[in-house]
Amino acid sequence: MERFNLDGEKIKPLTICLIGGGGFIGSHLCEKLLYKTQHTAIIIDVSSTKIKHLLRPYSCWFGRVQFHEINVKRDTLHQHLEPLIAASDLVINLAAIRTPANYNTRPLDTIKSNSVDAIPVVEFCIKYKKRLIHFSSCEVYGKTIGSFLPKDHALQNVSELYLLKEYDSPCIFGSIDKQRWTYACAKQMIERLIYAQSALHSLEFTIVRPFNWIGPRMDFIRGIDGPREAVPRVLACFTGNLLRGKPLKLVDGGQSQRSFCYIKEAIEGVLLIIENPARANGKIFNVGNPENDVTIKQLAELMIEVYADVTKQPASKFTTIDVSSNNFYGPGYDDSDKRIPDITIINRELGWKPAMRLRTILKLCLDHAIDEYKSAIKNECDSLLEFHTGYEYFSGSE
Ligand code: NAD
Ligand code: UGA
């Protein structure tokens, strides 16, 4: 079926190279491209676990998807990356180390992954005259001025000051010994490089700054489909603890604020960016839902409410516990205090505006997690029970 863009032009099928396309955002974007459009996806990633359903032979989109297991960091002389970019119409770079638990514990890897590894992608886009959509982050805004003002200062309540705007808001990071900011700095450096390259070499580009997109397949549950000792992002941390009936940990009291956006609505925005280059080129877009701004404590309380509702258990069974960031993440952690996106630009250029409220999003996420993980959690509980029963029996007989 023919499809048209916002200017009434017929959309031609594109070959899209998605670097890091096997991750959370990539998997949802590839689903959209394969199920709903005629575009072809060339996916580069170190893992295909989250897109294995898209790679099954004999599916009706099978001729339109390729997976290349490549670690772009180890791709000597870019021998695999370069020809795949050359063979595409559009390049989307999603590859990154992007978990806060890594920023202060693996600062060098974080810096390199988010800046050095992205440089050849930008350069090949210039060399082969390919359009680039680069995934940056809302973390480039860092902290707000409110985090440096006294708590009772009058400016704390001027909400207009805290709405993050692509071209007006300052980017305020913490001090150099707070290695949390390695990610934000590296992301900012690449944004600046893309801008500089475009001014000198007419690179066609769009920069996307996602604000806490959440949904199914985000990260992993510790000890089930990811390492027990690793720390995923907050949705997966809280989900894992709810599934196991453990308290949700509020870092430094859970006072930081985030605006959460449902992944599938965000992907609608990305598709508009892909298919409307005349409106999207040369721009930075915040992509997030300002209506879903909550403190992390409020997020935990809402997740408890929704989970209790879904599993028909009393909410009083689930609790929260305060932990210091030093204990949870180690030294060098710091935090963005507030992150509320101004989405005027993407709304004006592409008509995108998300509508889904946080409670609905959390219900979708938790329903999915229960389906996905219930048997693994049950097995874990059964073996723990066996272990404890055995232990009691053993101690009883001592
Ligand atoms: P993700 O970790 O699920 O996806 C990133 C993918 O990149 C992973 O599959 C990973 O295996 C791959 N990758 C990393 N290094 C690689 C390498 N050297 N070679 C090949 N593949 C590599 O993360 P995500 O949430 O899907 O995020 C995608 C992008 O969007 C990242 O750049 C991230 O910084 C940015 N972002 C995401 C969010 C969000 O809300 N999820 C917010 C802000 C920014
Ligand atoms: C994330 C990551 O930096 C990136 O993946 C991405 O660029 C961006 O934000 C995004 O998703 O938009 P952040 O929002 O700080 O950063 O990541 P989370 O790990 O999801 O943490 C959110 C908040 O929850 C932080 O204040 C953190 O301290 C807190 N938290 C996290 C808890 O209180 N408890 C937990 O168990 C986990």
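Candidate membrane-span-like segments in the chain, meaning DSSP H helices with Cα atoms spread over at least 24 Å of their own axis and a Kyte-Doolittle mean of -1.0 or above, are 182-201, 358-397, with no membrane implied. By the gyration tensor of its Cα atoms, with a ≥ b ≥ c the square roots of the eigenvalues, what is the shape of the stretch 40-137: rounded for a/c under 1.5, prolate for a/b over b/c, or oblate? Judged from the Cα gyration tensor, the stretch 40-137 comes out oblate (a/c at least 1.5, b/c at or above a/b). Bridging of Lys246 to lysines at a Cα separation below 22 Å is possible for Lys297, Lys312, Lys317, Lys363, Lys374, Lys378, once same-chain residues fewer than 8 apart are set aside. One chain, two ends: Ala355 and Gln298. Fully extended at 0.36 nm per residue, the span grows by 18.6 nm beyond their Cα-Cα distance. Of all beta bridges that DSSP places with both ends in the chain, some 10 percent have antiparallel geometry. Name the residue farthest towards the positive end of the dipole of the chain from the options Ile145, Ile133, Ala87, assuming +1 on Cβ of Lys and Arg, -1 on Cβ of Asp and Glu, about the Cα centre. Of Ile145, Ile133, Ala87, it is Ala87. Roughly how far apart, in whole Å, are the Cα centres of the stretch 151-213 and the stretch 316-376? Answer, in whole Å: 20.
Treating the beta-carbon of each Lys and Arg as +1 and of each Asp and Glu as -1, no other charges, what is the dipole magnitude of the stretch 142-187 about its Cα centre, to the nearest 20 debye?
Computed charge dipole of the stretch 142-187: roughly 220 debye.
Each of Ser27, Leu350, Gly253 was placed along the dipole of the chain (beta-carbon charges, centred on the mean Cα), and the one lying farthest toward the positive end is Leu350. Out of the total accessible area of the chain (probe 1.4 Å, heavy atoms of protein only), what percent is carbon and sulfur? Roughly 55 percent, rounded to a whole number.
Residues Phe24, Phe328 ordered from highest to lowest accessible area at a 1.4 Å probe: Phe328, Phe24. With point charges of +1 on the Cβ of Lys and Arg and -1 on the Cβ of Asp and Glu, referenced to the Cα centre of the stretch 241-379, which listed residue (Asn289, Ser324, Met303) lies farthest in the positive direction of the dipole? Looking along the dipole axis, the top candidate is Met303. As a length-normalised measure over Cα pairs under 8 Å and 6 or more apart, the relative contact order of the chain settles at 17 percent. Ranking Cys237, Cys171 from most to least accessible surface, computed with a 1.4 Å probe over the protein chains only, gives Cys171, Cys237. This model, with +1 at the C-beta of Lys and Arg and -1 at the C-beta of Asp and Glu, gives the stretch 213-263 a dipole about its Cα centre of some 100 debye. Can you compute the label reach from Glu291? Point 7 Å from Cα along the Cβ direction, backbone N cut-off under 17 Å, restricted to the stretch 342-357. Answer for this model: 342-348, 351-357. Helices in the chain, meaning DSSP H runs of at least 4 residues, each add -39500 (n - 2.57). Divided by all residues, the mean residue ellipticity at 222 nm is -12000 deg cm²/dmol. When only alpha carbons are used to place a centre, the stretch 233-296 and the stretch 40-81 end up 25 Å from one another.
Between Asp152 and Glu305, what FRET efficiency follows from the Cβ-Cβ distance if R0 is 25 Å, with the result rounded to 0.05? Let's see the in-between values first.
Values: r = 31 Å, r/R0 = 1.26.
That gives a FRET efficiency of 0.20.
Sequence-ordered 3J(HN,Hα) estimates for the stretch 156-168 from the Karplus curve with 6.51, -1.76 and 1.60 and θ = phi - 60° stand at 4, 9, 8, 4, 4, 5, 9, 7, 7, 10, 3, 10, 10 Hz, glycine and proline given as x. Entry comment: accessible area of the chain is 48 Å² per residue, from protein heavy atoms only and a probe of 1.4 Å.
Given +1 at the Cβ of Lys and Arg, -1 at the Cβ of Asp and Glu and no other charges, the dipole of the chain around its Cα centre is 640 debye to the nearest 20. Kindly identify the stretch 85-171 as rounded, prolate or oblate by the Cα gyration tensor criterion: order the square roots of the eigenvalues as a ≥ b ≥ c, call it rounded if a/c is under 1.5, otherwise compare a/b with b/c, prolate if a/b is larger, else oblate. Here the stretch 85-171 falls in the oblate category. By the rule of a C-alpha distance below 17 Å, with chain neighbours fewer than 8 residues away ignored, the aspartates and glutamates paired with Lys129 are Glu82, Asp89, Glu204. Computed over protein heavy atoms with a 1.4 angstrom probe, the accessible surface ordering of Lys52, Lys297, largest first, is Lys52, Lys297.
Checking the a/c ratio against 1.5 first, then a/b against b/c, what shape does the Cα gyration tensor give for the stretch 249-331?
oblate
Among the protein heavy atoms, those of Met189 account for about 80 Å² of accessible surface (1.4 Å probe, every chain in place). Given a 1.4 Å probe and the protein chains as shown, Asp252 ends up with an accessible area of around 90 Å². Which FRET efficiency, nearest 0.05, do Val116 and Lys312 yield, Cβ-Cβ r, R0 35 Å? That gives a FRET efficiency of 0.10. Residues whose amide H comes within less than 5 Å of that of Trp213, counting only those at least five positions distant or on another chain, are Cys261 (H built at 1.01 Å from N in the peptide plane). Each residue was assigned an accessible area with a 1.4 Å probe, and for Leu155 the value is about 70 Å². Which log10 I(q)/I(0) values, to two decimals, does the chain give at q = 0.07 Å⁻¹ under the Debye formula with one point per Cα? So the normalised log intensities are -0.34.
The values are calculated or read from the model by the stated rules, or taken from the named source; none is laboratory data. Predicted model, so just to flag it, every value in this text is computed and none were measured. Neighbour counts run over all protein chains shown; Cβ positions are idealised from the backbone, glycine included. Surface accessibility is based on the protein's heavy atoms, side chains included, excluding ligands, DNA and RNA. Shrake-Rupley method; radii C 1.70, N 1.55, O 1.52, S 1.80 Å.
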